[in-house]
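Engineer: Sharing a structure with you now.
The values are calculated or read from the model by the stated rules, or taken from the named source; none is laboratory data. Model, not experiment: these values are computed from the prediction. Please note: Cβ atoms are built from the backbone with ideal geometry, for glycine as well, and neighbour counts cover all protein chains shown.
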Ligand SMILES: [Zn+2]
Ligand SMILES: [Zn+2]
């Protein structure tokens, strides 16, 4: 009898052939096999029931546990099968399409495409989910069966599953694997692996129903797609559902509409943003903060056009490397022009306009530069991904010995700005070259070493903890990515500080050194938000529409209790406006309760309630949107507080 040598972690065992993966695991640790969902055998994912046969080599077995990403994928994939089994049980005659696990989708964990004998509706989802639970509790086995391709085609033909037949014909080699859930009528053409039995699936939920086409092609049969998700534990599922609900409540597209901040209309085109007065008021404040900081830190402001000759984009390399993201050229007097996808070449033009010496560096140009990118309609998403957007752009032209200091200031700048918005968890990632050092990286090895060291030193000097990522640098230079964590723990990738050895070369940028020789400056692309639109979207969701006082489009609303008070209300409003505050009045004949409710819905930070008493005493009764009644104040007292909140850009109205 032949022997199989198996290595599981530190343990090495021998078994008489054949032996199942589960048995091999059990010999090392009984608990381990109970916890495992599947396993990797020599790196390949297999079921626990997989049989190991003769081999001269030592076979390595690694259990796939529920708390790992691989484990979660096995759970979700198996849950998709469970879903199909439940649909078949409830609606015999249903034709099945495909049902994959979704691992990178924020909204769903898996789906199955079906054509049921009747159209399914949302009300069917709880019924199907209940059936899934029933099947899960019966603890039925996921059984693998290896068949000849022709036998599997026959199996699906007999079951009247034409779509599955089509898939087997297209994808199977001579033999193929079918998976059953025992004691149900479900069988699938699938490679696996799956959980060993249905009661391993403990936390799943169906989430949505949508239309779909077979193979995603509108010329094919129309199907229905049932979406669900699954997790290893009920706690994880509950936490995820809670965050999903919270994210929906904060959706910037919904809040943007409710608060009248911006709109996107098909009449103008997808991905093109119309900033309404209230959204624009917030944007002005965002820009003011930026401009103040830029000025303090020695940046110069520049303005550049939205189009340039096609030849410029050839020199910059955009024609060659970025053509898909650019709009088609347009002709003006036989010369071709293109809309700008980036601002960089324009700032280079400003640098090149006059000769530079080492004393002139660094040059720091900043611009809120609007760019246009040909995003596919499927990729566009509210403010988060648009076809036209404004970059809080800056380009720094520096000597190599200035890199560290300039980067350190960019880091300070980023931290200061994000702290002002109330993001106290900012993350930094340093992307450097990979192990294969000459893998198409542009520029001299020495320049790279200096630059990578300068970036790392700038981070260390500021005592910023960061993650170093090998091999993620662009071919033209290392970079630091900036990410923030929002109020509900989501991570947003925003700005980048990117070193560039490429464009100075392409545009032959120079400065005269102390030695009288010509040298090439290093270019730093620097944006904190990346896109003003996207950052605005993040802010809407972070604050759930309740902007801090300094950002709020309407900061104060004046609410007279009766018409008799209107004149007094107007004098109060006018005095506050004189102080540069954004004030509105509600002179409608509504009851005061309705006026307060309206102000709450519009998330206005302060409500000034004025009645006969206030008119007589020349005072105001102040309400704050979260704290409620703050009592009676003198107007100058309130005005001082409001001005302080505005000037300090306070996060809370306390
Ligand atoms: Zn499967
Ligand atoms: Zn740039």
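Condition check ((1) farther than 17 Å from residue 95 by Cβ; (2) at pLDDT below 95; (3) touching a helix residue (DSSP H, G or I) at 6+ places or on another chain (Cβ under 7 Å)) across all residues:
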residue	(1), (2), (3)
175	yes, yes, yes
186	no, no, yes
198	yes, no, yes
201	yes, no, yes
205	yes, no, yes
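Engineer: I'd like the residue in the range 487-499 that is touching a residue at least 40 places away in the same chain (Cβ under 8 Å) and under 20 Å from residue 413 (Cβ atoms) and, out of all such residues, is farthest from ligand 1 (Cβ to nearest atom).
Structural biologist: 499
Residue-by-condition table, conditions (1) within 16 Å of ligand 2 (Cβ to nearest atom); (2) out of contact with any strand residue (DSSP E or B) (no Cβ under 7 Å at 6 or more places or on another chain); (3) part of a helix (DSSP H, G or I); (4) on the phi > 0 side of the Ramachandran plot:
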| residue | (1), (2), (3), (4) |
| --- | --- |
| 75 | no, no, yes, no |
| 80 | no, no, yes, no |
| 89 | no, yes, yes, no |
| 98 | no, no, no, no |
| 120 | no, no, no, no |
| 126 | no, yes, yes, no |
| 150 | no, yes, yes, no |
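Engineer: When residue 105 is evaluated against the numbered criteria (1) within 35 Å of the chain's Cα centre (by Cα); (2) over 21 Å from residue 190 (Cβ atoms), which criterion, by number, is the only one it fails?
Structural biologist: If we test residue 105 against (1) within 35 Å of the chain's Cα centre (by Cα); (2) over 21 Å from residue 190 (Cβ atoms), just (2) comes out false.
Engineer: Step by step: first the residues of the range 472-486, then only those that are part of a loop (DSSP other than H, G, I, E, B) and touching a residue at least 40 places away in the same chain (Cβ under 8 Å), then the one that is farthest from ligand 2 (Cβ to nearest atom). Which residue is that? Full working, then the answer.
Structural biologist: Just the residues of the range 472-486 that are part of a loop (DSSP other than H, G, I, E, B), to begin with: 472-473, 475-476, 478, 486.
Among the residues that remain, those that are also touching a residue at least 40 places away in the same chain (Cβ under 8 Å) are: 472-473, 478, 486.
Working: 472: 18, 473: 16, 478: 15, 486: 26 Å.
Ranking the qualifying residues of the range 472-486, first place goes to 486.
Engineer: While we're here: With respect to residue 361, is the statement that it is in contact with a helix residue (DSSP H, G or I) (Cβ under 8 Å, 6 or more places away or on another chain), away from ligand 2 (no atom under 16 Å from the Cβ) and over 23 Å from residue 272 (Cβ atoms) true? Lay out the reasoning, then the answer.
Structural biologist: Numbers: in contact with a helix residue (DSSP H, G or I) (Cβ under 8 Å, 6 or more places away or on another chain): yes; away from ligand 2 (no atom under 16 Å from the Cβ): yes; over 23 Å from residue 272 (Cβ atoms): yes.
Judged against the criteria, residue 361 is a match.
Engineer: Pull up the range 169-190, narrow it to residues that are outside any loop (DSSP other than H, G, I, E, B) and more than 14 Å from ligand 1 (Cβ to nearest atom), then point me to the one that is surrounded by the most Cβ atoms within 10 Å (Cβ to Cβ).
Structural biologist: Only one residue tops the list, namely 169.
Engineer: Anything in the range 487-503 that is within 16 Å of ligand 2 (Cβ to nearest atom) and either assigned to a loop (DSSP other than H, G, I, E, B) or surrounded by fewer than 16 Cβ atoms within 10 Å (Cβ to Cβ) (or both)? List them, or say none.
Structural biologist: Within the range 487-503, just 501 meets the criteria.
Engineer: For the condition under 17 Å from residue 285 (Cβ atoms), touching a residue at least 40 places away in the same chain (Cβ under 8 Å) and touching a helix residue (DSSP H, G or I) at 6+ places or on another chain (Cβ under 7 Å), what is the one hit in 539, 551?
Structural biologist: Numbers: 539 fails: touching a helix residue (DSSP H, G or I) at 6+ places or on another chain (Cβ under 7 Å).
Of the residues listed, the single one that is under 17 Å from residue 285 (Cβ atoms), touching a residue at least 40 places away in the same chain (Cβ under 8 Å) and touching a helix residue (DSSP H, G or I) at 6+ places or on another chain (Cβ under 7 Å) is 551.
Engineer: Can I ask one more? Quick check: is even one residue across the range 40-51 in a strand (DSSP E or B) and within 19 Å of residue 183 (Cα to Cα)?
Structural biologist: Let us first name the residues in the range 40-51 that are in a strand (DSSP E or B), namely 40-41, 44-46, 51.
Checking which are within 19 Å of residue 183 (Cα to Cα) leaves us with none.
Looking for residues that are in a strand (DSSP E or B) and within 19 Å of residue 183 (Cα to Cα), one finds none in the range 40-51, hence no.
Engineer: Something else: Output the residue which, of all residues in the range 429-459 that are under 22 Å from the mean Cα position of the chain (by Cα) and crowded, with 20+ Cβ neighbours inside 10 Å, is nearest to residue 409 (Cα to Cα).
Structural biologist: The initial filter retains those residues of the range 429-459 that are under 22 Å from the mean Cα position of the chain (by Cα), namely 429-431.
Next, only the ones that are crowded, with 20+ Cβ neighbours inside 10 Å stay: 430-431.
Values: 430: 16, 431: 18 Å.
Among those that are under 22 Å from the mean Cα position of the chain (by Cα) and crowded, with 20+ Cβ neighbours inside 10 Å, it is 430.
Engineer: Please go through the range 207-225 and pick out each residue that is surrounded by fewer than 15 Cβ atoms within 10 Å (Cβ to Cβ) and in contact with a helix residue (DSSP H, G or I) (Cβ under 7 Å, 6 or more places away or on another chain). Working first, answer last.
Structural biologist: Let us first name the residues in the range 207-225 that are surrounded by fewer than 15 Cβ atoms within 10 Å (Cβ to Cβ), namely 208, 210-211, 216-220, 222.
Result: 220, single match.
Engineer: Checking residue 654 against (1) in the same structural domain as residue 282 (by TED's automatic domain parsing); (2) modelled with pLDDT under 95, only one condition comes out false. Which one?
Structural biologist: Against the list (1) in the same structural domain as residue 282 (by TED's automatic domain parsing); (2) modelled with pLDDT under 95, residue 654 comes up short only on (1).
Engineer: Within the range 191-228, which residues are touching a residue at least 12 places away in the same chain (Cβ under 8 Å), outside any strand (DSSP E or B) and over 20 Å from residue 74 (Cα atoms)?
Structural biologist: 214, 221
Engineer: Next question, about the same structure. Of 583, 532, 558, which residue is within 16 Å of ligand 2 (Cβ to nearest atom) and closer than 21 Å to residue 277 by Cβ?
Structural biologist: Only one candidate qualifies: 532.
Engineer: For residue 104, which of the numbered conditions (1) part of a loop (DSSP other than H, G, I, E, B); (2) touching a residue at least 12 places away in the same chain (Cβ under 8 Å) fails to hold?
Structural biologist: (2)
Engineer: Consider residue 126 carefully, then state whether it is surrounded by fewer than 18 Cβ atoms within 10 Å (Cβ to Cβ), more than 37 Å from the chain's Cα centre (by Cα) and closer than 23 Å to residue 225 by Cβ.
Structural biologist: Working: surrounded by fewer than 18 Cβ atoms within 10 Å (Cβ to Cβ): yes; more than 37 Å from the chain's Cα centre (by Cα): no; closer than 23 Å to residue 225 by Cβ: yes.
The answer is no for residue 126.
Engineer: Quick one: in the range 320-340, which of the residues that are within 16 Å of ligand 2 (Cβ to nearest atom) and over 12 Å from residue 310 (Cα atoms) is nearest to the chain's Cα centre (by Cα)?
Structural biologist: Residue satisfying both the conditions and the ranking: 325.
Engineer: In this structure, is residue 133 more than 16 Å from ligand 1 (Cβ to nearest atom), in the same structural domain as residue 191 (by TED's automatic domain parsing) and outside any helix (DSSP H, G or I)? Talk me through it step by step, then tell me what you get.
Structural biologist: On the way: more than 16 Å from ligand 1 (Cβ to nearest atom): yes; in the same structural domain as residue 191 (by TED's automatic domain parsing): yes; outside any helix (DSSP H, G or I): no.
It is false that residue 133 is more than 16 Å from ligand 1 (Cβ to nearest atom), in the same structural domain as residue 191 (by TED's automatic domain parsing) and outside any helix (DSSP H, G or I).
Engineer: Check the range 235-248 and report whether any residue there is away from ligand 2 (no atom under 16 Å from the Cβ) and in a loop (DSSP other than H, G, I, E, B).
Structural biologist: First, pick out the residues of the range 235-248 that are away from ligand 2 (no atom under 16 Å from the Cβ): 235-248.
Then drop every residue that is not in a loop (DSSP other than H, G, I, E, B), which leaves none.
No, the range 235-248 has no match at all.
Engineer: Now for a different question. Return yes when residue 231 is touching a residue at least 12 places away in the same chain (Cβ under 8 Å) and not assigned by TED's automatic domain parsing to the domain that holds residue 129 and no when it is not. I'd like the intermediate steps shown before the answer.
Structural biologist: Numbers: touching a residue at least 12 places away in the same chain (Cβ under 8 Å): yes; not assigned by TED's automatic domain parsing to the domain that holds residue 129: no.
Answer is no for this residue.
Engineer: With 615, 630, 587 as the choices, which residue is assigned to a strand (DSSP E or B) and free of Cβ contacts under 8 Å to residues at least 60 places away in the same chain? Before the answer, list the steps.
Structural biologist: Details: 615 fails: assigned to a strand (DSSP E or B); 587 fails: assigned to a strand (DSSP E or B).
That would be 630, the only listed residue that is assigned to a strand (DSSP E or B) and free of Cβ contacts under 8 Å to residues at least 60 places away in the same chain.
Engineer: Let me ask something additional. Of the residues 166, 134, 145, which single one is more than 18 Å from residue 112 (Cβ to Cβ), more than 16 Å from ligand 2 (Cβ to nearest atom) and surrounded by fewer than 19 Cβ atoms within 10 Å (Cβ to Cβ)?
Structural biologist: Working: 166 fails: more than 18 Å from residue 112 (Cβ to Cβ); 134 fails: more than 18 Å from residue 112 (Cβ to Cβ).
145 is the lone residue from the list that is more than 18 Å from residue 112 (Cβ to Cβ), more than 16 Å from ligand 2 (Cβ to nearest atom) and surrounded by fewer than 19 Cβ atoms within 10 Å (Cβ to Cβ).
Engineer: Just checking, which of 468, 506, 462 is assigned by TED's automatic domain parsing to the domain that holds residue 526, under 22 Å from the mean Cα position of the chain (by Cα) and either closer than 27 Å to residue 645 by Cα or surrounded by fewer than 18 Cβ atoms within 10 Å (Cβ to Cβ) (or both)? Explain how you work it out, then say what you get.
Structural biologist: Values: 506 fails: under 22 Å from the mean Cα position of the chain (by Cα); 462 fails: under 22 Å from the mean Cα position of the chain (by Cα).
468 is the lone residue from the list that is assigned by TED's automatic domain parsing to the domain that holds residue 526, under 22 Å from the mean Cα position of the chain (by Cα) and either closer than 27 Å to residue 645 by Cα or surrounded by fewer than 18 Cβ atoms within 10 Å (Cβ to Cβ) (or both).
Engineer: Can you tell me which of 524, 596, 601 is surrounded by 23 or more Cβ atoms within 10 Å (Cβ to Cβ) and more than 16 Å from ligand 1 (Cβ to nearest atom)?
Structural biologist: On the way: 596 fails: surrounded by 23 or more Cβ atoms within 10 Å (Cβ to Cβ); 601 fails: surrounded by 23 or more Cβ atoms within 10 Å (Cβ to Cβ).
Going through 524, 596, 601 in turn, just one is surrounded by 23 or more Cβ atoms within 10 Å (Cβ to Cβ) and more than 16 Å from ligand 1 (Cβ to nearest atom): 524.
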